[in-house]
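Below: the structure, in structure tokens.
The values are calculated or read from the model by the stated rules, or taken from the named source; none is laboratory data. From a predicted model like this one, the values you see are computed outputs, not experimental measurements. Note: ideal-geometry Cβ built from the backbone for every residue, glycine included; neighbour counts use all protein chains shown.
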Amino acid sequence: MKVSLAVTLVYIVLLVVAGIRAHSLALLSEAGHNLSDFLALLLSLVAVYFQSRPASSTKTYGYHRAGVLAALVNATSLVAVSFFIFYEAFRRLQHPEQVQASVMMWVAAAGVAMNGGISLLLYRWSRGTGGDVNIRSALLHEVGDTLSTAAVIAGGWVILVTGNYWIDSALSFGIGVLILWSGFGIVRETLNILLEGTPRGMKLEKIESAIRSIDGVNEVHDLHVWSIGSESHALSCHISIADIPPSVSERILRDVKECLTHDFRIVHTTIQFEHVVCEVAHGCVIPVGETEEQHHHHSH
């Protein structure tokens, strides 16, 4: 990962120098695209570090959200970069500048080799981490980069053959669209996590019916599902059960937890039991924590 960072940084410098010398906006756009990748890789590293830090008495959930925030900052910067590229490309379409196509092609060829290699490394890493949003966003970036750099090679060749310099600006538009598309996707996903939205791919109705189907559960309400980090999900709900001793309700609790872990990969749960016979307003509620304690007292 650190090697990828160093190589990407060297390549960004090369792109900027070559872009200025060859008067190629496509190369400079690629520098912007690669800079966003450099940030994505850096933030993925930071996020992985934060997520591995243990929870404390002040940060009881640990630092999972730090990685999500990092991904949001990165994606927002991508959107800004893409709008700058659109502006420049539009300006150049009106006043095309002479471009050194051969320089474009050589520099882009080096980029394809580099981005392809990093994509492969990230793909292996993402399989190991089970699809973390940060590593996935970095991988998406790299694949997009490899494709857009390959397009720059093709564009350079067409410029060499036809002498049409507007192709350089057209390529820049394409790269800008790629950056914008990947940026918006990550913004949407990270905002959903930060706004405590239902995790991507989960349906609240499905979770509710799965809990209702468990033997002993009469009714489920006040159901909330959210993400703490990109891959850790939490759930809280109230479950109505019959007026039974804690030693019996313990089995229902175990079944519910097993179902949530197995079917929905939800490990962090807060479940509160309520009796059917009396109203919640009159305080006739057994919080799960107490039922567990009472159960332990019974079993000793």
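Look at ALA6 and say whether it is farther than 20 Å from THR76 by Cβ, assigned by TED's automatic domain parsing to the domain that holds ALA75 and not charged (D, E, K, R).
yes
Here is a yes/no grid of residues against (1) surrounded by fewer than 15 Cβ atoms within 10 Å (Cβ to Cβ); (2) farther than 13 Å from ILE266 by Cβ; (3) in the same structural domain as PHE264 (by TED's automatic domain parsing); (4) at pLDDT 95 or above:
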site: SER182; (1), (2), (3), (4): no, yes, no, no
site: ILE186; (1), (2), (3), (4): no, yes, no, no
site: GLU189; (1), (2), (3), (4): no, yes, no, no
site: VAL217; (1), (2), (3), (4): no, yes, yes, no
site: ASP222; (1), (2), (3), (4): yes, yes, yes, no
site: ILE228; (1), (2), (3), (4): no, no, yes, no
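So, of the residues in the stretch 107-124 that are within 19 Å of ALA22 (Cα to Cα) and free of Cβ contacts under 8 Å to residues at least 60 places away in the same chain, which turns out to be surrounded by the fewest Cβ atoms within 10 Å (Cβ to Cβ)?
ALA109
In the list LEU180, LEU147, which residue meets the criterion of being over 22 Å from PRO96 (Cα atoms), assigned to a helix (DSSP H, G or I) and out of contact with any helix residue (DSSP H, G or I) (no Cβ under 7 Å at 6 or more places or on another chain)?
Matching residue, one of LEU180, LEU147: LEU147.
Give me a count of the residues in the stretch 50-90 that are surrounded by 12 or more Cβ atoms within 10 Å (Cβ to Cβ) and either over 24 Å from the mean Cα position of the chain (by Cα) or over 30 Å from SER227 (Cβ atoms) (or both).
The total comes to 6.
Would it be correct to say that GLU30 is in contact (Cβ under 8 Å) with a residue 60 or more places away in the chain and either more than 24 Å from the chain's Cα centre (by Cα) or not assigned by TED's automatic domain parsing to the domain that holds TRP125 (or both)?
When the stated conditions are applied, GLU30 does not pass them.
So the check is Cβ under 6 Å with 6+ separation or different chains; which pairs have a first residue in the stretch 231-254 that's in contact (Cβ under 8 Å) with a residue 24 or more places away in the chain and a second one that's crowded, with 16+ Cβ neighbours inside 10 Å and among the charged types (D, E, K, R)?
GLU231/ASP132; HIS238/GLU274; SER240/GLU274
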